[in-house]
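The values are calculated or read from the model by the stated rules, or taken from the named source; none is laboratory data. As the structure is a prediction and not an experimental result, all values here were calculated from the model. Backbone-built Cβ (ideal geometry, glycine too); neighbour counts: all protein chains shown. These area figures cover heavy atoms from the full protein model, side chains too; ligands, DNA and RNA do not enter into them. Shrake-Rupley method; radii C 1.70, N 1.55, O 1.52, S 1.80 Å.
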Amino acid sequence: MTHQLPISVCMIVRDEEIHLPDALASVRSIAEDIIVLDTGSVDRTVEIATAMGARVLTYDWQDDFAAARNVSIEAARHDWILVLDADQRLAPDMYSMLSHAITQPCMAQMVSIQLMANKTGAEIASSYTALRLFRRDARIRYRGRVHEDIADALIAAGHTEWPDSGIALHDIGYIEETERQRKRERNLNLLARSHAEQPDDLFIAYKLAITLPPTEHTARANILAHAMQLARSLPPKKLREFTFIPKLLAASVEAHVAQGELCAAAEMAQALLPVAGSSGYFTAGRALARSGQFELADQMLRQYIEFEQAEEKLAKANNVIDPDPDANLAAACYWLGWLYRLAGQFVEAQAWLTSGIAHASAEQRVMLACEAIRIQLDTGVLDSINDDLNALYPLAQTSPGAQAEVMLISAELAVSVGDHAGALELAKAALTEKDDRAAGLIAQLELHQATPAPERMQQLLAQISGHRFDTLAMRLKLEARLGIAPAFDIPQQTLFLLEEA
């Protein structure tokens with residue numbers, strides 16, 4: 001029988017009679033003190049919380065999550081506070097981890113929030129870290145109407161070391177699409193209100209931009225541009241206090257990439273590099289690779305890998321807790337393999353792709369393997385390609401992205417043997433919104449057969465954003481035939497491709 005730990009669990013809730021029992025059950029045998037701040041429930045939430053031994057406080061909701069959080073933590077009785085939402089629960093077997101965490105000589109610790117794929121808790125869809133375990137201290141208070149955080153308060157108090165506690169929370173609040181949509185709309189409304197009140201608040205502008213739905217890409221791009229302007233006006237010392245800078249940089253770069261503005265993306269990626277931590281080198285390296293600036297891209301990606309493999313990571317030293325979400329060793333190896341393949345240095349390309357396998361997810365293994373097959377296509381060594389592809393099919397079933405990659409490399413193989421009709425069907429099966437290589441191949445094949453009608457060229461153009469300098473060349477070819485002049489700087493490598501056409 002374990003003893004309860006001297007921890008105060010603090011929650012804010014409203015109409016959570018369905019989720020609350022499991023949340024409370026996960027902590028009531030572990031924590032001595034549980035505070036439930038009710039913000040206006042009309043269901044059985046208060047009755048359930050009281051019956052399960054929580055201290056229930058009431059609060060009039062002010063459209064401000066930070067204000068409510070602060071009321072809840074001010075009621076804490078113990079030196080350590082764990083913040084929990086009603087649709088979260090402490091993961092099983094966390095007692096010893098919590099017991100150890102509260103002995104650590106720090107002010108706050110990171111907790112893993114694991115978004116569950118289903119309510120059984122058997123599969124994790126994704127995860128992120130958050131400051132959810134911290135000491136009771138009058139200086140530590142939340143800020144922000146929504147996406148509230150204590151990071152600024154900790155930094156202002158001089159506490160910038162936030163170790164990983166090893167503690168995990170299971171979150172079931174994003175399983176249902178209707179619930180995800182409800183939260184997204186709620187957050188957007190609060191963020192828009194906050195942005196109107198504080199247009200020069202960098203954090204709010206960033207959060208509003210990344211919360212906007214993908215369909216509102218113009219509004220997202222405009223707000224990201226505003227946020228980057230704010231960031232670039234601040235001195236580096238101040239910027240280092242904002243732990244979201246790597247994510248802001250990555251989102252801003254991708255907003256340019258989505259419009260085919262590869263030169264602008266590469267320039268922006270380097271602008272905040274000194275304060276973007278190790279993942280900033282990945283962000284810059286990938287942007288430079290996409291724009292065809294091979295030598296500098298190579299340097300940046302290698303630098304990222306060195307930082308990541310070093311015993312003392314730059315990200316940890318600089319307290320960058322929100323890196324570019326796409327940054328990882330497998331992805332860096334993929335882009336280096338891609339760079340060296342395009343440069344005709346096939347031995348080096350294969351070495352990087354092989355190196356990436358050790359760090360890769362299932363989908364990344366497919367990406368790396370397909371890039372290795374492209375080396376075979378480029379060198380004319382076709383003997384084992386069919387066997388290699390057949391071996392990939394079971395692994396490709398792990399994700400739509402992996403399936404699309406296999407369809408794309410199959411289309412490229414069909415092109416190499418002169419089967420343009422088969423290539424076209426395979427390329428159509430490989431179409432995705434996130435990657436325009438398949439769309440570029442479709443346009444190439446259709447232009448090879450005959451000049452499509454203007455209406456068809458418009459359709460093809462709508463599918464090609466120009467995410468890489470080669471697909472951008474195809475986009476510009478279509479625009480030229482339609483009489484559309486380029487609206488931004490064009491990478492030199494793209495111009496070379498256009499001259500060769």
Handout entry: Residue in the range 466-486 that is farthest from the chain's Cα centre (by Cα), counting only those that are open to solvent by 30 Å² or more (accessible area, probe 1.4 Å) and closer than 20 Å to K428 by Cβ
Key = K477
Fill in the blank from the handout: Selection from the range 208-247 of residues open to solvent by 70 Å² or more (accessible area, probe 1.4 Å), assigned to a loop (DSSP other than H, G, I, E, B) and among the polar types (S, T, N, Q) yields S233
Practice task
Considering only residues that are within 30 Å of Q104 (Cα to Cα) and assigned to a helix (DSSP H, G or I), look in the range 147-206 and name the one that is most open to solvent (accessible area, probe 1.4 Å).
Solution key: A156
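Would you say E261 is modelled with pLDDT of 90 or more and either touching a helix residue (DSSP H, G or I) at 6+ places or on another chain (Cβ under 9 Å) or open to solvent by less than 30 Å² (accessible area, probe 1.4 Å) (or both)? Spell out the reasoning first.
Details: modelled with pLDDT of 90 or more: yes; either touching a helix residue (DSSP H, G or I) at 6+ places or on another chain (Cβ under 9 Å) or open to solvent by less than 30 Å² (accessible area, probe 1.4 Å) (or both): yes.
Here the answer is yes, as E261 does meet what is asked.
Run down E308, E371, E363, E295 and say which single residue is free of Cβ contacts under 8 Å to residues at least 24 places away in the same chain, in a helix (DSSP H, G or I), out of contact with any strand residue (DSSP E or B) (no Cβ under 8 Å at 6 or more places or on another chain) and not polar (S, T, N, Q).
Details: E308 fails: free of Cβ contacts under 8 Å to residues at least 24 places away in the same chain; E371 fails: free of Cβ contacts under 8 Å to residues at least 24 places away in the same chain; E363 fails: free of Cβ contacts under 8 Å to residues at least 24 places away in the same chain.
After applying the criteria, what remains is E295.
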Practice task
Starting from residues that are within 13 Å of W338 (Cβ to Cβ) and either open to solvent by 40 Å² or more (accessible area, probe 1.4 Å) or of a type outside the set (D, E) (or both), keep the ones in the range 292-310 and report whichever is nearest to the chain's Cα centre (by Cα).
Solution key: L301
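Return yes when L431 is outside any helix (DSSP H, G or I), free of Cβ contacts under 8 Å to residues at least 40 places away in the same chain, of a type in the set (A, V, I, L, M) and surrounded by 15 or more Cβ atoms within 10 Å (Cβ to Cβ) and no when it is not.
On the way: outside any helix (DSSP H, G or I): yes; free of Cβ contacts under 8 Å to residues at least 40 places away in the same chain: yes; of a type in the set (A, V, I, L, M): yes; surrounded by 15 or more Cβ atoms within 10 Å (Cβ to Cβ): yes.
Here the answer is yes, as L431 does meet what is asked.
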Handout entry: Filtered residues of the range 108-146 (kept if part of a loop (DSSP other than H, G, I, E, B), open to solvent by 60 Å² or more (accessible area, probe 1.4 Å) and within 22 Å of A86 (Cβ to Cβ))
Key = K119, T120, A122, E123, R136, R141
Fill in the blank from the handout: Output for Cβ contacts, cut-off 9 Å, separation at least six or different chains, first residue of a type in the set (K, R) in the range 45-60, second open to solvent by less than 60 Å² (accessible area, probe 1.4 Å), reads R55/D33; R55/I34; R55/I35; R55/V36; R55/A49; R55/A75
Completion exercise
With criteria (1) at pLDDT 95 or above; (2) open to solvent by 50 Å² or more (accessible area, probe 1.4 Å); (3) charged (D, E, K, R), D85 comes up short on (2)
Fill in the blank from the handout: Checked pairs for the range 253-270, first more than 14 Å from I490 (Cβ to Cβ), second among the acidic types (D, E), C-beta under 9 Å and 6 or more apart or across chains, list as V253/D324; E254/D326; A255/E261
